[in-house]
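See structure below.
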Amino acid sequence: MSETSWLTAALEPARSLFGLDVPAHEREHPDVQLFLRLGIRKTILFSVCAGVPTAIVLAFLLWQISSHVGVLVFLAAVIFNAIQHWFSHLRLPAEADWTKGIVSSQITGGAAWGLVPLVAMPEDPQWRGFVLAFVMGVIAANTAFGAKSKSTFYGFAAGIGLFAFIGFLRLGTTFGYLSAALLVYASLFGSMLAAINRAGDTAGSIYAVRSRELAEGLEIERRRLAEQVLLDPLTGLANRLGFGERLAAALENHDSEDNTNGVGLAYLDIDGFKQVNDTLGHSVGDALLVETARRLEEVAAPNETVARLAGDELVVLIPEMGRRSTADEVGARLLRAFEGPFVLDGHQLWVRVSIGISKARPGTSADDLLRWADTALYRAKADGGMRYRVFDAAMLLSLTRRQDLRDSFKDAFERGEIVPWFQPIVDLSTGAIVGAEALMRWVTEGGVRSAHSFLSEVASLGMGAEVDEAMLLTSSNFKRELGARFDRDFFVTVNVSPLHLEMFLERPLAISHLAGIAIELTEESALPDIESQSELMTKIRNNGGSVILDDFGVGFSSFERLSIIPADGIKIDRRFVSGLGESQVDAAIVASLSDICQRMNFSLIAEGIETASQALALQEIGIVHGQGWLYSSAVPADRFIEMLDEDIRLGPESNHEAGLGRLS
């Protein structure tokens, strides 16, 4: 070990004892210095308050045995020093610069107490010992000041030490000399003790300041995180949680007796937002949301809250609709935000929105207000978009009916009233039944309802996966029953959501129902994400199922992308079939599809056949299989089996007997 390192190690305890190991920037931190200054001022305030009574008592004791003039000079000096302390620093704000004032007051204070041996020394040796002890006590007490500040300590020590030292030396006796020496020793010892105490106080002050800074930092971070929880990270708007809190507060503060003024809500949805994401990319979609948020905040009133609930769903909370603005004024104001084009990443977009507006009534809940605005929003969409609609009594009645319908559907599903009916798929040349499409029906004592009349309720109840699985299971069992009964293969097609299929493919029991079933996927659901949908189709085929693209021909780039979709067949959309016999364009499209399917070994089914001329045109083109009301609507499973038992050949003449009306 080198001499320098050895010496450093040896002095390390001393450095720590006197606080020299504390970094200078820590000791000189403004808050640490303020903390110490406040500490010294509190100590001095106590000293001043106790000093004057102490001086009076001491003067009383010395009055009979010392010079009256000296005692009065001492007492006056102490009182003067107390007044000096008050005016120089005690009355000033904590943040003011009163360092010079306190140091000068401490010098004066030390001198005042040092006057006792100088001008009021008793003649009695015993009382002189008392004075020595008293001065030693004052010097010891000064270490409390030194623990906070060196300058105040040395200022006081200089005053009392100088005057007391001279006072004892003037005695010219051994006692006087020894007393003077003892004062020097006491001052040196006190300075060392003050330095040690000061190191501790400084460390304590640093710890207190850092603890406070840490607590403040943690509180700031807590508030920041709390705000982030309530904010949408993309747009900076309030999110669903933050909006919910503000909406609840607005409804709570609303005067339920004031029917002219109420909490209003505008629900906005960007028309065609999915198409922007699909064609221009999600970065442009995100930029569109950010710009939409900015524009809405520009047109929103100061007391209104703009929030993003999810996706492209945005809302504006109007705390006082009716007092400051009407629903029509709000709707017109929000639409103005979309009058100009959006320029995003080099693309110029004309954005259209649909807006639904609702207003709280007495007793309205937050869910009610959102549901009403959502209902009005979809009315605006149904009316063509780029407009607003205000929730009214007619919509309330419709919403109530829909709620009743949802409740009824849930009960019906549990009772087994939601079942598949089967529309025959026939050989167009012979009319023989070769397969069926499973179509959902709601069978009640009062009649039968087609799926189109209650599919929205299925979605709103979150029962889509449950219903799809039930349809798949029943159709799979029906196909097996047909095969066992008639000893030949029939194909059965089922419409299932791709999202639900992903869930089914994770469960072995559900996978077993796919064997031999043809899953119908609409072109729209199959093509937006070509890679993931191709993977899904491959899984279906690997598990014994097949894939048919439904409503083919109406989507984007169908022919271009058909070659990379692992499908087994397609269904020609009814819009092309309906024009056969009248439109040469439709005939050409259907003929092209037929040629492509033959070359690619795809099965091809024409749907929506309603007239004999359409059936004839399809046969002339070379289409083999088809379905439609011309042959039969969807029928119950037992009726379908009866038709096979009777070997009914379907066609224009047989539809009346086989079908049960235009329900599909």
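Go through the range 502-524 and report how many residues are open to solvent by less than 30 Å² (accessible area, probe 1.4 Å) and part of a helix (DSSP H, G or I).
So the answer is 3.
Note down all Cβ pairs under 7 Å where the first residue falls in the range 358-371 and is part of a helix (DSSP H, G or I), the second is surrounded by fewer than 12 Cβ atoms within 10 Å (Cβ to Cβ), and they're at least six residues apart or on different chains.
From residues that are part of a helix (DSSP H, G or I), there are no pairs.
If Asp407 satisfies every condition in (1) under 26 Å from the mean Cα position of the chain (by Cα); (2) over 30 Å from Leu280 (Cβ atoms); (3) not β-branched (Val, Ile, Thr) but one, which is the exception?
Tallying (1) under 26 Å from the mean Cα position of the chain (by Cα); (2) over 30 Å from Leu280 (Cβ atoms); (3) not β-branched (Val, Ile, Thr), Asp407 fails exactly one: (1).
Residue by residue, here is whether (1) among the polar types (S, T, N, Q); (2) farther than 18 Å from Ser546 by Cα; (3) not in a strand (DSSP E or B) holds:
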site	(1), (2), (3)
Gly416	no, yes, yes
Ser429	yes, yes, yes
Gly435	no, no, no
Glu469	no, no, yes
Ser475	yes, no, yes
Phe478	no, no, yes
Gly483	no, no, yes
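Can you confirm whether Gly464 is modelled with pLDDT of 90 or more and touching a His at 6+ places or on another chain (Cβ under 8 Å)?
no
Please work out which residue is nearest to Gly435 (Cα to Cα), limiting yourself to the range 485-501 and to residues that are open to solvent by 70 Å² or more (accessible area, probe 1.4 Å) and part of a helix (DSSP H, G or I).
Arg485
Name the one entry in Asp411, Asp374 that is in a helix (DSSP H, G or I), acidic (Asp, Glu) and within 27 Å of Thr474 (Cα to Cα).
Criteria check complete, one pass: Asp411.
Can you name the residue in the range 290-325 that is of a type in the set (Asp, Glu) and surrounded by 16 or more Cβ atoms within 10 Å (Cβ to Cβ) and is also nearest to Tyr267 (Cα to Cα) among such residues?
Among those that are of a type in the set (Asp, Glu) and surrounded by 16 or more Cβ atoms within 10 Å (Cβ to Cβ), it is Glu313.
Hey, can you tell me all the residues within the range 212-268 that are assigned to a loop (DSSP other than H, G, I, E, B), open to solvent by less than 60 Å² (accessible area, probe 1.4 Å) and at pLDDT 75 or above?
The answer is Leu230, Asp232, Thr235, Gly236, Leu237, Asn239.
Residue by residue through the range 648-664, note down the ones that are modelled with pLDDT under 85, open to solvent by 30 Å² or more (accessible area, probe 1.4 Å) and not in a helix (DSSP H, G or I).
Within the range 648-664, Pro652, Glu653, Leu660, Gly661, Arg662, Leu663, Ser664 qualify.
Every residue in the range 374-391 that is surrounded by 15 or more Cβ atoms within 10 Å (Cβ to Cβ) and not hydroxyl-bearing (Ser, Thr, Tyr), please.
Matches in the range 374-391: Asp374, Ala376, Leu377, Arg379, Ala380, Lys381, Gly385, Met386, Arg387, Arg389, Val390, Phe391.
Quick test of your reading of the structure: Met395 fulfils all but one of (1) of a type in the set (A, V, I, L, M, F, W, C); (2) under 22 Å from Val315 (Cβ atoms); (3) in contact (Cβ under 8 Å) with a residue 24 or more places away in the chain. Name the failing condition by number.
Failed condition: (3).
Tell me, which residue of the range 84-121 that is modelled with pLDDT under 80, open to solvent by less than 10 Å² (accessible area, probe 1.4 Å) and of a type in the set (A, V, I, L, M, F, W, C) is farthest from the chain's Cα centre (by Cα)?
The extreme case among them is Ile102.
Would you be able to say whether some residue in the range 414-421 is touching a Ser or Thr at 6+ places or on another chain (Cβ under 9 Å) and basic (Lys, Arg)?
Among the residues of the range 414-421, not one is touching a Ser or Thr at 6+ places or on another chain (Cβ under 9 Å) and basic (Lys, Arg), which makes the answer no.
Any residue that is assigned to a strand (DSSP E or B) and within 23 Å of Pro566 (Cα to Cα) - is there at least one of those in the range 445-463?
No.
Filter the range 326-364 for residues that are surrounded by fewer than 17 Cβ atoms within 10 Å (Cβ to Cβ), at pLDDT below 90 and within 17 Å of Gly264 (Cβ to Cβ) and give the result.
Hits for the range 326-364 are Thr326, Arg361, Pro362, Gly363.
Answer yes or no as to whether Pro53 is at pLDDT below 80 and either open to solvent by 40 Å² or more (accessible area, probe 1.4 Å) or outside any helix (DSSP H, G or I) (or both).
Judged against the criteria, Pro53 is not a match.
Give the residues of the range 279-289 that are open to solvent by less than 50 Å² (accessible area, probe 1.4 Å) and assigned to a helix (DSSP H, G or I), sorted by residue number.
Val284, Gly285, Ala287, Leu288, Leu289
So, Leu397, is that one farther than 18 Å from Phe243 by Cβ, of a type outside the set (Gly, Ala, Ser), open to solvent by 20 Å² or more (accessible area, probe 1.4 Å) and out of contact with any strand residue (DSSP E or B) (no Cβ under 9 Å at 6 or more places or on another chain) or not?
yes
The values are calculated or read from the model by the stated rules, or taken from the named source; none is laboratory data. As the structure is a computational prediction, the values presented were derived from the model and not from experiment. Methodologically, a virtual Cβ is constructed for each residue, glycine included, from the backbone with ideal geometry; neighbour enumeration extends over all protein chains shown. We work out accessible area using only protein heavy atoms, side chains counted, and drop any ligands, DNA or RNA first. Shrake-Rupley method; radii C 1.70, N 1.55, O 1.52, S 1.80 Å.
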